[in-house]
Amino acid sequence: MRGSKVWLMARAELELLRRILPVYAALVTFGAVLTAVGDGPVVGMGASLLLAAGIGICFHLPILAVQDAIGRTRAFAMSLPVLPMEYAAGKLVATIIACLVPACAAAATYVTSPSVRGMLPPEILVLVGFAWFTVVVQSLGIALISESMGVTMTILGIEMFVLTNIGTFLGPERSAELWNLLAIRQSQLLLAGGLALFLVVIVMATLRGFEQKRCYA
Amino acid sequence: MKEAVRVRSLRKQYRRFGLGPLDLDVAPGEVVAVSGANGSGKSTLLLCLAGMLRPDGGTVEISGRGWPGESGPAKDRVGFVSDGLKLHPRESLRWNASLAASLGAKKWDAERFRSLSERLGLVLDERAGALSRGRTLRALLALTLARRPDVLVLDEATAAIDSSMRSSVRRFLRESTREDGVAILFASHLDEDTDDIADRVLYLEGGSVCRIEERTKEAER
């Protein structure tokens with residue numbers, strides 16, 4: 001795998017995303033500001049806007065990857081001097097950078113707004129962001145390998161259902177226990193390590209899986 | 001002289017169809033037409049040569065570098081144009097060209113791309129999604145020839161191009177074989193393409209070569 005080709009593919013991907021990234025960054029910022037300055041229902045509106053933007057990115061990037069395959073623009077890219085692994089790595093690098101845009105917007109709002117800072121400890125916020133990022137990368141990997149909107153959306157839908165209803169599944173007592181557990185530094189590090197390991201496995205599986213595909217036309 | 005294309009025991013198996021085992025040598029500057037009925041294996045062969053389809057066995061070498069093993073250098077040396085490729089529709093032709101230019105940086109010839117675009121009647125600021133099939137194919141040909149590949153693989157690349165422009169395209173292809181020694185392998189259902197530029201015609205039937213025909217180019221007659 002040649003690093004220069006990976007970067008060129010990533011740059012091209014980011015250029016293709018240049019119209020939608022500012023929209024997500026604006027949504028996240030607006031949601032964070034509402035959460036920071038509002039009270040009562042306005043805070044809920046802000047939080048739901050943040051959640052919607054996060055879920056939107058989770059769906060949007062994999063949809064673009066599948067569209068790339070179905071719409072034959074991937075075939076055009078693959079007809080150029082780029083190897084399958086370089087193409088897939090370029091997409092992953094672009095996704096990492098693309099996720100940083102709304103993440104930075106959210107982080108900036110968090111740092112500059114005292115009321116938001118009081119709502120969630122920074123460690124938990126980082127863990128939530130990391131988990132979200134892992135889901136985005138994993139969905140992109142599934143989209144790249146399966147080339148199927150149905151498969152990608154089904155897996156993503158199930159994950160969203162489980163993650164957004166985890167409190168209901170666990171019940172109030174266990175949720176409280178989990179919350180207390182997450183407040184402990186050791187648990188946080190363990191969870192972060194687990195997520196990082198999962199992320200590495202996803203990236204390796206995506207690169208290997210894409211390289212093993214039979215046809216890129 | 002080193003062969004531009006060297007294929008040994010190439011095999012590709014589908015559920016109801018198998019290509020090969022197939023051996024093929026193509027010299028630099030040679031033009032080989034791949035002919036046969038629908039489903040005879042023309043596209044499968046060309047896709048394997050262009051690195052767009054993973055063969056089940058055998059080796060493919062492009063100017064001495066090949067897959068499996070040296071995929072990167074081999075991919076840098078081969079250009080592929082097909083009716084099945086689509087430029088990024090929301091971007092301009094210039095943007096799509098810049099992608100091809102950056103990935104093929106070492107050999108990209110900007111002057112050649114500009115001149116080919118002019119001769120093929122392409123407007124670089126036009127949105128790629130607004131281009132017809134024929135103009136898309138012309139753009140893809142210009143992009144690929146500007147990369148100065150050692151081997152050019154064309155799968156039905158002239159089918160949607162109008163007849164007057166098609167003769168211009170064949171002229172460019174002939175120029176490329178003469179000036180750069182580009183070896184060309186192409187599949188086309190148009191006899192005029194085969195008659196005009198092919199040095200050799202490879203007839204495929206059921207995934208195997210059933211006949212090879214040497215041709216004298218019209219220009220040399």
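The values are calculated or read from the model by the stated rules, or taken from the named source; none is laboratory data. Only a predicted model underlies this, so the values are computations on that prediction, with no experimental measurement involved. Note that we place each Cβ from the backbone using ideal geometry, even for glycine, and neighbour counts take in every protein chain shown. All accessible areas refer to the heavy atoms of the entire protein, side chains included, with ligands and DNA or RNA removed. Shrake-Rupley method; radii C 1.70, N 1.55, O 1.52, S 1.80 Å.
With a 1.4 Å probe, what is the total accessible area buried between chains A and B, in Å² rounded to the nearest 100? Numbers along the way, then the final one.
Details: alone 12050 and 10750 Å², together 20160 Å².
What A and B bury together is about 2600 Å².
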Pairwise label distance in nanometres, B:S115 with A:V23, each label 7 Å out on the Cα-Cβ vector: 4.3
Theoretical ellipticity at 222 nm over chain A - DSSP helices of four or more residues, -39500 (n - 2.57) apiece, nearest 500: -29500 deg cm²/dmol
Helix A:21-37 axis, angle to chain A major axis (alpha carbon atoms, nearest 10°): 0
In degrees, nearest ten, helix A:149-164 long axis to first principal axis of chain A (Cα): 20
Which of A:E177, A:E15 is most accessible, then next, and so on - probe 1.4 Å: A:E177, A:E15
Protein accessible area in the stretch B:21-86, 1.4 Å probe - carbon and sulfur %: 46
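Give the accessible surface of chain A per residue, rounded to a whole number of Å², with probe radius 1.4 Å and ligands, DNA and RNA excluded.
Details: 10730 Å² over 217 residues.
Accessible surface, normalised per residue, equals 49 Å².
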For the stretch A:135-145, Karplus couplings with θ = phi - 60° (6.51, -1.76, 1.60), whole Hz, Gly/Pro x: 5, 4, 5, 5, 5, 5, x, 4, 5, 5, 7
List of the stretch B:130-163 residues, accessible area with partners at least 30 Å² below that of the chain alone (1.4 Å probe): B:R147
Stretchable slack from B:F17 to B:E179, in nm (0.36 nm times residue separation minus alpha-carbon distance): 54.5 nm
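With every protein chain present, what is the per residue accessible area of chain B (1.4 Å probe, Å²)? All intermediate terms of the calculation are to be shown ahead of the outcome.
On the way: 9430 Å² over 221 residues.
Heavy-atom accessible area per residue stands at 43 Å².
Carbon and sulfur atoms: what percent of the 1.4 Å accessible area of the stretch A:93-191 do they account for?
Numbers: 4210 of 5670 Å².
For the stretch A:93-191, the apolar C and S fraction of the accessible surface comes to 74 percent.
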Volume of the Cα convex hull of chain A, divided per residue and given in Å³: 132
Residue-averaged beta-carbon neighbours from other chains (10 angstrom radius) around B:81-88: 5
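Would you compute, from DSSP H runs of 4+ residues alone, the mean residue ellipticity of chain B at 222 nm, taking -39500 (n - 2.57) per run and dividing by the full residue count, rounded to the nearest 500?
Details: 7 runs with 75 residues, N = 221.
When only DSSP H runs of four or more count, the value is -10000 deg cm²/dmol.
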Test item: A:63-75 mean partner chain Cβ contacts at 10 Å: 2
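What length, rounded to one decimal in nm, is gained on full extension from A:I166 through to A:R214, with 0.36 nm per residue of separation minus their alpha-carbon distance?
Details: separation 48, 0.36 × 48 = 17.28 nm, distance 3.84 nm.
Here the answer is 13.4 nm.
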Isotropic mean projected area of the C-alpha convex hull, the stretch A:109-217 (nm²): 9.0
In degrees, nearest ten, helix A:41-70 long axis to first principal axis of chain A (Cα): 10
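State the dimensionless ratio Rg/Rh of the protein assembly as shown (Rg: radius of gyration of Cα atoms; Rh: Kirkwood radius). The partial results should precede the final answer.
On the way: Rg = 26.1 Å, Rh = 24.2 Å.
Reported Rg/Rh (Cα atoms, Kirkwood Rh): 1.08.
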Gap separating the Cα centres of the stretch A:184-207 and the stretch B:77-147, nearest whole Å: 42
Three-way shape call for the stretch A:155-217 based on the alpha-carbon gyration tensor, with the a/c threshold at 1.5: oblate
